[in-house]
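Colleague: Just passing along the structure, written as structure tokens.
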Amino acid sequence: MQLRVALLPEHLPDGWCATQNTLAIVVDTLRFTTTACQALHAGAECIQIAAEIEEVRSLARQSASRVLLCGERYCRPIEGFDLGNSPYEYTPQRVQGSDLIFTTTNGTRAVAATRGTTQVWLAALVNRRAVVEELVSSNAEFVWFICAGTDGQIALEDILVCLLYT
């Protein structure tokens, strides 16, 4: 297993996910991946991501499930959305049994950059043990840790998480 790190999604080289056994692990410690972990822990059924706000609304209109619109833009709540991007908002009373559709300034865009690979995981400090345990039993040949960064800049907290994983 070869571990590699992209400090920002745009640092991924061409053809990075060309093999079947490539795993992408997205890190956006402050906030998206931590918030997503909390949401699932609180009973959310699933998390979908969208790069843009209108895409979230479109996915919600197409869903037959109970859907919550979640996310932020530049650390600000999105008008008309149910929840923002703070883990504290994602309580069982608010999310249990719901499908969540997220868009964020950095994290969900990093996930969108992984299109083309067959496996995408989300990593943060809060789920480190679970990710490491799954990684050990994984058959992935190549593992790319993809840091989301902040507003196009490298985020030290994402690098820290990658260092703890590797």
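Colleague: List the residues of the range 99-136 whose backbone N lies under 19 Å from a point placed 7 Å from the Cα of D14 along the Cα-to-Cβ direction.
Modeller: 113-117
Colleague: State the extension gain, in nm to one decimal, for the chain segment bounded by C46 and Q96, taking 0.36 nm per residue of separation less the distance between their alpha-carbons.
Modeller: Length gained, C46 through Q96: 17.0 nm.
Colleague: On the full set of protein chains, 1.4 Å probe, figure out the accessible area of D151 and give it in Å² to the nearest 10.
Modeller: For D151, the solvent-accessible surface is approximately 90 Å².
Colleague: Can you compute the helix-only [θ] at 222 nm over the chain? Use -39500 (n - 2.57) per DSSP H run of at least 4 residues, normalise by all residues, nearest 500 deg cm²/dmol.
Modeller: My calculation for the chain gives -8000 deg cm²/dmol from helical runs alone.
Colleague: Also: E157 to R61: extension gain in nm, 0.36 nm per residue of separation minus the Cα-Cα distance?
Modeller: Answer, rounded to one decimal: 31.0 nm.
Colleague: For W121, which sequence-distant residues (separation of 5 or more, or a different chain) have an amide H within less than 5 Å of its own amide H, given hydrogens modelled in the peptide plane?
Modeller: For W121, the qualifying residues are A24, I25, V26.
Colleague: Continuing with the same structure: As a test of the definition: which semi-axes, in Å, follow for the range 1-46 when you take the square root of five times each eigenvalue of its alpha carbon gyration tensor? Largest first, please.
Modeller: Three semi-axes, in Å: 26, 14, 9.
Colleague: Please arrange I53, I25 by accessible surface area, largest first, computed with a 1.4 Å probe and ligands excluded.
Modeller: I53, I25
Colleague: Provide Y88, Y165, Y74 ordered by accessible surface of protein heavy atoms (probe 1.4 Å), highest first.
Modeller: Y88, Y74, Y165
Colleague: Among P13, P92, P77, which one moves the most in a GNM of the chain with springs linking Cα atoms closer than 10 Å?
Modeller: Maximum among the listed residues: P13.
Colleague: Taking square-rooted eigenvalues a ≥ b ≥ c of the alpha carbon gyration tensor, is the range 25-73 rounded, prolate or oblate, where a/c under 1.5 means rounded and, failing that, a/b exceeding b/c means prolate?
Modeller: Oblate is the answer for the range 25-73, as a/c is 1.5 or above yet b/c matches or exceeds a/b.
Colleague: Estimate the FRET efficiency between R73 and L164 by the formula 1/(1 + (r/R0)^6), using the beta-carbon distance for r and 30 Å for R0, to the nearest 0.05.
Modeller: 0.55
Colleague: Largest first, how would H11, H41 line up by accessible area (1.4 Å probe)?
Modeller: H41, H11
Colleague: Could you give P(r) for the chain, binned at 10 Å from zero, as whole percent values over all Cα-Cα pairs?
Modeller: It works out to 11, 40, 36, 13, 0, in whole percents.
Colleague: State the antiparallel share, in %, of DSSP beta bridges confined to the range 41-166, rounding to the nearest 5.
Modeller: 20
Colleague: Which of rounded, prolate, oblate describes the range 101-166, given a ≥ b ≥ c as roots of the alpha-carbon gyration tensor eigenvalues and a/c under 1.5 marking rounded, otherwise prolate only if a/b is larger than b/c?
Modeller: Since a/c reaches 1.5 but b/c is at least a/b, the shape of the range 101-166 is classed as oblate.
Colleague: Hey, could you pull the Cα Rg and Dmax for the range 44-104, both in Å?
Modeller: 10.6, 30
Colleague: If you keep only loop residues by DSSP, which GluC sites (Glu not before Pro) in the range 24-130 have at most 15 other Cβ atoms within 10 Å of their Cβ?
Modeller: Those that pass, being in a loop and sparsely packed, are E45, E52, E79.
The values are calculated or read from the model by the stated rules, or taken from the named source; none is laboratory data. Since we're looking at a predicted model, the values are computed, not measured. FYI the Cβ positions are ideal-geometry reconstructions off the backbone, even for glycines, and counts take in every protein chain you see. In case anyone asks, the SASA skips ligands and DNA or RNA and just uses the protein heavy atoms, side chains included. Shrake-Rupley method; radii C 1.70, N 1.55, O 1.52, S 1.80 Å.
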